[in-house]
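Asker: Handing you this structure, nothing more for now.
All of the numbers you see were taken from the coordinates with simple rules; none came from a lab. The structure displayed is predicted, hence computed values, not measured ones. A quick note on method: Cβ atoms are made from the backbone with ideal geometry, for glycine too, and the neighbour counts reach across all protein chains shown.
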């Protein structure tokens, strides 16, 4: 009996040691967005060990959250071009990817390029390097420094790797002045992106190359990943900044605010991964009218964010329109193939809405991305992404 107890203890300790060694590397943003100007992520995963093979489990945090497992021999690298499709078979989607192994931290190295494979009108096939981040890169408070606006625009992304929902405060500063706060609510293992944060807070004309923002979790035990993606408005070249560890503001901290209140001070975050708040709906027997409006440069459901939740068996009448001024470059709705919602493009600025009626089926549950398919609509085209989620 004593021998069995010792064996059990040894096995338990070995299992515990293995769990303690388990490492997760998070790629905070990956995409395979279809349309006239698609965006895809090419990913490389490398095993730094000279002696041991490593089994890697990759989980795509989108929709049904597909999981794939592969093995890396010592010093082996694997290539996954357009990873959302080639590894996860999930086209027209965007989200984070988590790579987990039993190897010690630092054994697995993940790198990626998020880019459009087709040449742009100016600047060629642009792209942005996005590294896989160790678990230690997630912090309760992070700072994104060196933000640009004017000749460039800045998008801010946040990913919640935790098992529970988290409230987030994204605060944009101009030196000591607090320009504004974007409140977010992220479900477990979901993320979002705030497109053109300066414009969303009403400071589109403010020219800066040294701005910063802080990203703070509502809980010190729920750390977050954050990043900023800055795009040159002329060439579309992009730069990624990963959030650095920061500290919470001291008690009584009350930064000054701008003396002139901007006219458009209410931002609308643009999500890069699913996790929308379910929308209350009437009984399913009645048709629900939903407006989907394209503006420069975002989608808006019923005047809110660019994500919407629908129910199986409920009929929806989708009114799709372009609300930019007459004569503006046209936007286009690229469709949602997974829901059999056809492309409606181009849309006419200030024109009448295009009406699509459909009823989600029980075989169509999950999250489905869509985008603007008119690449000539302007410099913010790459941020015009949205998500429809269907639940039972």
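Asker: Two decimals is fine: what is log10 I(q)/I(0) at q = 0.11, 0.13, 0.14, 0.20 Å⁻¹ for region 138-245, from a Debye sum with one equal scatterer on every Cα and no solvent?
Answerer: The Cα Debye sum returns log10 ratios of -0.31, -0.43, -0.50, -0.96.
Asker: Compute the relative contact order of region 288-391 as a whole-number percentage, counting only Cα pairs closer than 8 Å that sit 6 or more residues apart in sequence.
Answerer: This gives 32 percent for region 288-391.
Asker: While we're on this one: Cα atoms only: what Rg and Dmax, in Å, come out for region 288-391?
Answerer: Rg, Dmax (Cα atoms, Å): 13.1, 41.
Asker: Going by average Cβ density within 10 Å per residue, which order do the peptides 210-218, 176-184, 25-33 take, highest to lowest? Each step should come with its number before you reach the end.
Answerer: On the way: 210-218: 20.8, 176-184: 16.8, 25-33: 25.7.
Ranked from most to least packed, the peptides come out as 25-33, 210-218, 176-184.
Asker: Let me ask you something else. Order by neighbour count: 355, 194, 320, fewest other Cβ atoms within 10 Å first, most last. Could you put the intermediate results ahead of the total?
Answerer: On the way: 355 12, 194 24, 320 21.
Fewest-to-most ranking of 355, 194, 320: 355, 320, 194.
Asker: Kindly rank 64-70, 105-111 from highest to lowest mean number of other beta carbons found within 10 Å of each residue.
Answerer: Result, highest mean Cβ count within 10 Å first: 105-111, 64-70.
Asker: State, as an integer percentage, the relative contact order of region 31-85 based on alpha-carbon contacts under 8 Å between residues 6 or more apart.
Answerer: Relative contact order here is 45 percent.
Asker: So, one more: With a cut-off of 8 Å between alpha carbons and a minimum separation of six or more residues, what is the relative contact order of region 21-134 in percent?
Answerer: 40 percent
Asker: Shape call for region 21-134 from the C-alpha gyration tensor, a ≥ b ≥ c root eigenvalues: rounded (a/c under 1.5), prolate (a/b greater than b/c) or oblate?
Answerer: Prolate, since a/c reaches 1.5 and a/b exceeds b/c.
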